[in-house]
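The structure appears below as structure tokens.
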Amino acid sequence: MSSSFAALNQWVDEMAHLTQPMRIHWCDGSQAEYDALLAQMLARGELHALNARTHPGCTLHRSHPGDVARVEHLTYICTRERDDAGPNNPWMAPQEAHARMDALFAGCMQGRTLYVVPYCMGPIDSPLARCGVEITDSAYVVANMRLMTRMGARALARIEREGHFVRGLHSTGELDPERRFIMHFPEELSIQSYGSGYGGNALLGKKCHALRIASWQARQEGWLAEHMLIVGIQNPQGQTHYIAAAFPSACGKTNLSMLVPPEDMRHAGWKVWTVGDDICWMAPGKDGRLWAINPEAGFFGVAPGTSARTNPNALAMLDHDTIFTNVATTADGQPWWEGLNDRVPALDWQGRPFDPARGPAAHPNSRFTVSARQCPSFSAHAEDAQGVPISAIVFGGRRESLLPLVIEARDWAHGVMLGAAMSSETTAAASGAVGVLRRDSMAMKPFCGYNFADYFAHWLSFDRPGMQLPKIFHVNWFRKGGDGRFLWPGFGDNLRVLAWMLARCAGAADAVATPIGHLPRAHDLDVAALNLPAASLDALLSIDHAGWQREMQALGDYFAEFGARLPTRLERERRRVLDALEVISAQPARIANG
Ligand code: OXD
Ligand code: MN
């Protein structure tokens, strides 16, 4: 097979000439093709069968132990001008990057199959969707791409019709960390990834295309490509409003997108619908609202911590037709990870008899790949070509102290500042130390394909006549008390905060204006059923003015990194908040927001 599209055939020929594969396979995306790939990988030992009675259609992949997470220090944005990549990205000149990658790719597919994977990010008929083609020598990548994207014949037909696509070249190479690079060429709309078979480094439709390249295109074309879940909240009156929420990797986006309402709210008639758990593309509609699609067709979620308590919807979708990566297994071949208390691990993620002295049984960044259609809360509107209208945007971080449970931005510019100021304690989703505080603007630090200063300006540019912009909020579910325990129960109870936000959007809830934004008082939130100690609620909803002054000063240092390119509007906003805090601090008593 090949394509009727000459430019695509020519590119495939060139890449085959460079990489020298034994054979070329054009993926049609059919079930038969998927089944055959899985069978081959099982036969070769690249996949392991799991218990067919409890988990029909499920398989386990054990990655190379040195290839278990995204590698941000090896992930480059290769623009002609260094400043276009910004201080937020490792940068390499395109010429140098091409020379290095050509040397790595030369002959690297000898004896291997080159798969041509046409894919569409977003509903296949959506004007908001965009297509790409990934060339890869990994059958595991092909199988994952089939679950994570609309892959195969229909995507190819759209590419042939449109005449353009994002070009992605991938090889697992030798899986040698010394010979590993993930290069992005936004000016050429192309991606080259070598030396890793791990999700975010190798499934090029996801982080590489749908965030890094798409964010660049979005800026040029006037839309937004964001690291956000999309969730529909149906109120007891039967109306559904959609929220897009950005959190850093492994901070609960999947759980929030599949939230099960707490019992009292369920009885009152609240329902939650999942549109997406990781990426959101939003564009202004004719009505001035932002309309959003989930460019992905599946979930590549973190397994540890997923349980009947934290995410029963995810657990229900994972008991069939799922690819697991780096989880542990029980004696009878069921998948296992930390948090699943009803079973015990026998083999760890490397296939060794489990020994707690060696650490967790499942790798902390072990994953599941599953079609979104298997999720019990999957929204019927997730396939809508025009997308869903967004009522509220939420930014959030993992912060043990200072950040209150929720803040509502005064206006769009203040909201953009709250997003730019996002910071979080690091997780296992990327290689490197865990638990270190880092600035992660809009949760896009690892994913924005251009200079953050220009990205903030792009966000600010949506504040213009004719737009009906969503309200912006900031949340922190991870606040801890003096005893080191979480103050807020999180998970399903987060709906109480989302409900307050939507009531604010409807003008039906109160808040107090403070220097850092509008905050609810305890009685503005529907928390009676929680029986939280008053002191916990007070801590969650009060402001430490001195701490906030330090926070805003640190934000000034961060903004200074972007020099003259930083929009003055953003710095003005920071000064405004800092001045308001200084006025209050100059007053004799600390004012609690009780
Ligand atoms: C992810 C990530 O895999 O953000 O979604 O790392
Ligand atoms: Mn993510």
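Table for the structure above
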{"read-out": "Radius 13 Å from Cβ of Pro533, net charge of other residues (Lys, Arg +1; Asp, Glu -1)", "value": "-1"}
{"read-out": "Sum of -39500 (n - 2.57) over DSSP H runs of 4+, divided by residues of the chain (222 nm, nearest 500)", "value": "-8000 deg cm²/dmol"}
{"read-out": "Highest average packing first - 441-447, 144-150, Cβ atoms within 10 Å", "value": "144-150, 441-447"}
{"read-out": "Cα gyration tensor shape for region 89-132, rounded if a/c is under 1.5, else prolate or oblate", "value": "oblate"}
{"read-out": "Between region 207-275 and region 74-93, the Cα center-to-center distance that results, in Å", "value": "29 Å"}
{"read-out": "Restricting region 48-94 to trypsin sites (Lys or Arg not before Pro) in coil, as DSSP defines it, with at most 14 other Cβ within 10 Å", "value": "Arg53, Arg80"}
{"read-out": "Region 359-450: mean projected area of Cα convex hull, nm²", "value": "9.6 nm²"}
{"read-out": "R0 of 41 Å, Cβ-Cβ distance Ala316-Leu175: FRET efficiency to nearest 0.05", "value": "0.75"}
{"read-out": "Helix axis angle, 6-19 relative to the chain longest principal axis, alpha carbon, degrees", "value": "80 degrees"}
{"read-out": "Overall form of region 83-164 per C-alpha gyration tensor (a/c, 1.5; a/b vs b/c)", "value": "oblate"}
{"read-out": "Net charge of Cβ neighbours under 10 Å - reference Leu114; Lys, Arg +1; Asp, Glu -1", "value": "+1"}
{"read-out": "Electrostatic dipole magnitude of region 469-594 [Cβ: Lys, Arg +1; Asp, Glu -1; Cα centre; debye, to 20]", "value": "220 debye"}
{"read-out": "Accessible-area order (highest first, 1.4 angstrom probe) of the listed residues Asp137, Asp35", "value": "Asp35, Asp137"}
{"read-out": "Protection-proxy order for peptides 516-528, 107-119, each taking the mean of Cβ atoms within 10 Å per residue, highest first", "value": "107-119, 516-528"}
{"read-out": "Trypsin sites (Lys or Arg not before Pro) within region 253-291, DSSP loop, no more than 12 other Cβ atoms inside 10 Å", "value": "Lys286"}
{"read-out": "Cα-based helix-to-principal-axis angle, 139-148 vs the chain, degrees rounded to 10", "value": "40 degrees"}
{"read-out": "Share antiparallel - DSSP beta bridges, the chain, percent rounded to 5", "value": "65 percent"}
{"read-out": "Furthest towards positive pole of dipole, His164, Ser249, Leu437, structure part the chain, Cβ charges", "value": "Leu437"}
{"read-out": "Loop sites in region 162-193: GluC sites (Glu not before Pro), DSSP, at most 16 other Cβ within 10 Å", "value": "Glu174"}
{"read-out": "Acute angle (nearest 10 degrees) that the helix 153-162 long axis makes with the longest principal axis of the chain, alpha-carbon atoms", "value": "80 degrees"}
{"read-out": "Translational diffusion coefficient (Stokes-Einstein; Kirkwood radius from C-alpha pairs) of region 29-140 at 20 °C, 1.002 mPa s, in µm²/s", "value": "120 µm²/s"}
{"read-out": "Ranked by how many other beta carbons lie within 10 Å on average, peptides 124-130, 405-411, 345-351 from highest", "value": "405-411, 345-351, 124-130"}
{"read-out": "Accessible surface, per residue, of the chain when the full set of protein chains is kept, probe 1.4 Å, Å²", "value": "37 Å²"}
{"read-out": "Order of exposure, largest accessible area first, which applies to His363, His209, His25, His64 with probe 1.4 Å", "value": "His64, His25, His363, His209"}
{"read-out": "Pairwise centroid distance, computed over Cα atoms, of region 488-566 with region 397-426, Å", "value": "8 Å"}
{"read-out": "For Phe354, solvent-accessible area (1.4 Å; no DNA, RNA or ligand), Å²", "value": "60 Å²"}
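The values are calculated or read from the model by the stated rules, or taken from the named source; none is laboratory data. On a predicted model such as this, the values are computed, not experimentally measured, just so you know. So basically every Cβ, Gly included, is an ideal-geometry build from the backbone, and we count neighbours across all protein chains shown. Ligands, DNA and RNA are excluded from the accessible area calculation, which covers all protein heavy atoms including side chains. Shrake-Rupley method; radii C 1.70, N 1.55, O 1.52, S 1.80 Å.
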